[in-house]
Amino acid sequence: MITEELLSGCRNGNLQEFRKLIGITSPFAFSVAFRILCDEELAKDVVQETMVILWKKIDLVKSPQSFKQWLYRIVVNKCYDHLREKKRRPEFSTDESTWAVISNHISEEQPSALENNETASIINLLTDRLSPRQKAVFVLCDLEEMTQEEAAGITGMSRFNIKANLHYARKKISDMLKKYIQDGR
């Protein structure tokens, strides 16, 4: 839990307190970054970049209550940067082996046994055609189970834009799944 004492120690340059803060926040930051980027190494880079910004700008954090939203906003913005760069140099192509991962996942009884790369393949496949904003909103609302209000605070979008982006993201993903199921039969 983020406390005022912990933030105060970080503001005063206490590295021990900052290590505690990193220990608390890194798992959340990694989860969001990994789900948006679908690349473990890139997600680790985003977390590292986020922690550098956190160290440099910790004075901007007004309270422990606003800290989480501020942190997520940095992570999402860093992910946007990487997605824009990736869009300029596309590397992922949909092929039968990737669709097979989804098919195997659907038939498994315990999806929690999937490894990170399989999870990344599934998320990447399902969100590949989404805009960076749609992808971020989908990850925050549907995968991270945040409210639309929380997602709006993190992304800086209005609640209406969150709702619209989430609707279109779900529709695109649904259409892709329907197409896959029809083509697979």
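Treat each spin label as a single point 7 Å out from the Cα along the C-beta direction, and report the Arg73 to Lys57 distance in nm.
0.8 nm
Can you give the FRET efficiency for Gln65 and Glu40, using 1/(1 + (r/R0)^6), R0 = 25 Å, r = Cβ-Cβ distance, to the nearest 0.05?
0.25
Classify the range 130-185 from the C-alpha gyration tensor, please: rounded if a/c falls under 1.5, else prolate or oblate depending on whether a/b exceeds b/c.
It is prolate, given that a/c is not under 1.5 and a/b is the larger ratio.
Once R0 is set to 30 Å, what does the formula 1/(1 + (r/R0)^6) return for the Cβ-Cβ distance between Ser26 and Tyr180, expressed as a FRET efficiency to the nearest 0.05?
Step by step, r from the Cβ atoms, then E = 0.30.
Tell me the Kirkwood hydrodynamic radius of the range 1-92 in angstroms, computed as one over the mean inverse distance between distinct C-alpha pairs.
13.6 Å is the Kirkwood radius here.
May I ask which of Lys20/Lys56; Lys44/Lys163; Lys44/Lys171; Lys62/Lys163; Lys44/Lys178; Lys68/Lys172 have a Cα-Cα span longer than 25 Å here?
Flagged as over cut-off: Lys44/Lys163; Lys44/Lys171; Lys62/Lys163; Lys44/Lys178; Lys68/Lys172.
Determine the gain in length on full extension of the stretch Arg84-Tyr168; use 0.36 nm per residue of separation and subtract their C-alpha separation, reporting nm with one decimal.
Answer, rounded to one decimal: 28.3 nm.
Pop the C-beta distance of Gln48 and Arg11 into the FRET formula with R0 = 22 Å and round what comes out to the nearest 0.05.
0.60
No value in this document is a laboratory result; all are computed from the given coordinates. Treat the numbers as computed from the prediction; the structure is a model and nothing was measured. Glycine also receives a Cβ, built like all others from the backbone with ideal geometry; neighbour counts cover every protein chain displayed.
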